[in-house]
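Okay, so here's the structure we're looking at.
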Amino acid sequence: MTQRLQTPRLYLREFTIDDAQLLIDLNSNPNVTRYTGDGPVKDLQEAQRILTDIIFPQYKNKMGRWAIHLKSNDEFIGWCGLKHIIEENEIDLGYRLFEKYWGNGYASEAAKATLDYGVNNLKLTNIIARAAKDNVASINVIKKLGLVYLKNDMCAHDPAEIYILK
Ligand SMILES: CC(C)(COP(=O)(O)OP(=O)(O)OC[C@H]1O[C@@H](n2cnc3c(N)ncnc32)[C@H](O)[C@@H]1OP(=O)(O)O)[C@@H](O)C(=O)NCCC(=O)NCCS
């Protein structure tokens, strides 16, 4: 297991190909994908393709979407991480948790550690976060991290906002 970060309650590690089912489970709840622009992951084959084509290539830059686990019982609760979007030359901070773990500050805790890592270890200067305007929980996390409003955007078909780390 390639562990990347630890926080008081969490550890973050790189996904492996054996985690395909976790992606299926996480996206199977429409509440989780309501503002994310994707939807259910069809089957193991599609989940493996997401891992190999989208998630793993980011790891060569020492970033990427990382699996989040509770230290207390090793439970997988979702993911968080930085993603280099080449076309925009920006680093996107993202996160996603199973609904039963919302509202415990876990997303804020994971995102804060990830942001600090990006700034202090990777020396990144172009970190942004994008969220649908109605995704109050996500906007709250972004604001708590200290990112500031940059501009309006679209997230799939929803009006969205982009925030940037100054
Ligand atoms: C976004 C997400 C990760 C946030 O997880 P979380 O566990 O609620 O996050 P946290 O507990 O760290 O913080 C959320 C904050 O928003 C607040 N909040 C959550 N839902 C809210 C709502 N409907 N209205 C007002 N405030 C809300 C919480 O009180 C908390 O603020 P606080 O720490 O000041 O109390 C979670 O909702 C999720 O996985 N959503 C689905 C995927 C997604 O939308 N990802 C983001 C895409 S941009």
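The values are calculated or read from the model by the stated rules, or taken from the named source; none is laboratory data. Treat the numbers as computed from the prediction; the structure is a model and nothing was measured. Backbone-built Cβ (ideal geometry, glycine too); neighbour counts: all protein chains shown.
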Qualifying positions in the range 33-45 - farther than 14 Å from Ala131 by Cβ and not charged (D, E, K, R): Gly39, Pro40, Val41, Leu44, Gln45
Given the criteria buried (at least 16 other Cβ atoms within 10 Å of the Cβ) and touching an Asp or Glu at 6+ places or on another chain (Cβ under 9 Å), does Trp66 qualify? yes
Please indicate, with yes or no, whether at least one residue in the range 11-34 is among the β-branched types (Val, Ile, Thr), out of contact with any Cys (no Cβ under 6 Å at 6 or more places or on another chain) and buried (at least 18 other Cβ atoms within 10 Å of the Cβ). yes
Could you count how many residues in the range 54-70 are touching a residue at least 40 places away in the same chain (Cβ under 8 Å), more than 17 Å from Val119 (Cα to Cα) and assigned to a helix (DSSP H, G or I)? 2
Tell me which residues, restricted to the range 144-166, are farther than 21 Å from Val32 by Cβ and outside any strand (DSSP E or B). Gly146, Leu147, Leu165, Lys166
Checking the structure you have, find out if any residue of the range 114-128 is surrounded by 13 or more Cβ atoms within 10 Å (Cβ to Cβ), touching a residue at least 24 places away in the same chain (Cβ under 8 Å) and more than 20 Å from Trp66 (Cα to Cα). no
I need every pair where a residue in the range 83-95 that is of a type outside the set (A, V, I, L, M) has its Cβ under 7 Å from the Cβ of a residue that is in a helix (DSSP H, G or I) and more than 14 Å from the ligand (Cβ to nearest atom), sequence separation at least 6 or different chains. Lys83/Gln58; His84/Gln58
Could you list all residues from the range 70-108 that are over 19 Å from Glu161 (Cα atoms), within 7 Å of the ligand (Cβ to nearest atom), crowded, with 20+ Cβ neighbours inside 10 Å and not aromatic (Phe, Trp, Tyr)? Gly78, Leu97
Write out, first by first residue and then by second, each pair whose Cβ atoms fall under 7 Å of each other, whose residues are 6+ apart or on separate chains, and whose first residue, in the range 137-149, is within 12 Å of Ile127 (Cα to Cα) and surrounded by 13 or more Cβ atoms within 10 Å (Cβ to Cβ) while the second is at pLDDT 95 or above and hydroxyl-bearing (Ser, Thr, Tyr). Ile142/Tyr163; Leu147/Tyr163
So which of Ala111, Ala132, Ala67 is within 9 Å of the ligand (Cβ to nearest atom), closer than 15 Å to Tyr11 by Cβ and not β-branched (Val, Ile, Thr)? Ala111
